[in-house]
Amino acid sequence: MQPDLEFSWTNEPSFGFDVTRKSNKDVLFSTKGTDLVFENQFVEFKSSLPENYNLYGLGESIHAFRLGNNYTKTYYAADAGATVDINVYGTHLFFLETRYFTPDANGNLSLVTSNEAAEAAPNANCTSFSHGVYSRNAHGQDILMQEDSITYRAIGGSIDPYFFPGPSQPEVTKSYLRAVGQGGRVIRFSCA
């Protein structure tokens, strides 16, 4: 199977990179035009996102299924139990994003917002593509989700992103599990 992702980078005016889905030329992750900060005890990088994006996941916490577009959260592993909107045990910063496209008369796909796709349904001929991003870092981290971007901040470590092209949600999840491994199996009688 041929990978559907393309990586490009530049040093002008500063370092930045894009991850693009080759099949429809959609830029999935782009740090171009932003400042990448890599200090001894502070790391920050930012990616642009489309208007009204659909992100799901990010860390182990109890919150709404779809993450809002104005969301800030600190991730620092804690044994906090089942509390709402507070980090629980893990800090696996993996998100899954779904984008919707409509074809034009020539079959070229154009990105539409999730609101436009919902308003047009069920009569619209929308196609969805999903992808995932996992940022591996064991340090305390913040995620800032603004209207058109996501910012990663960490108090140390490295920048180690993984990209999963999908294009379906189950394929993204399977790729993610192949990268990080599956959890240990629990013996049935131990739960009694």
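Since every read-out is calculated from the coordinates, none of them should be taken as a lab result. Owing to the predicted nature of the structure, the values given are computational and were not obtained by experimental measurement.
Quick look at the values:
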item: Whole-Å semi-axes of the ellipsoid equivalent to the chain (Cα gyration tensor, √5λ, descending); result: 28, 23, 17
item: Karplus 3J(HN,Hα) series, Hz, for the range 33-48 with 6.51 cos²θ - 1.76 cosθ + 1.60 (x for Gly, Pro); result: x, 10, 8, 9, 10, 9, 10, 4, 10, 7, 10, 8, 8, 9, 10, 6
item: Added length on full extension, which subtracts the Cα-Cα distance from 0.36 nm per residue, residue 105 to residue 39; result: 18.8 nm
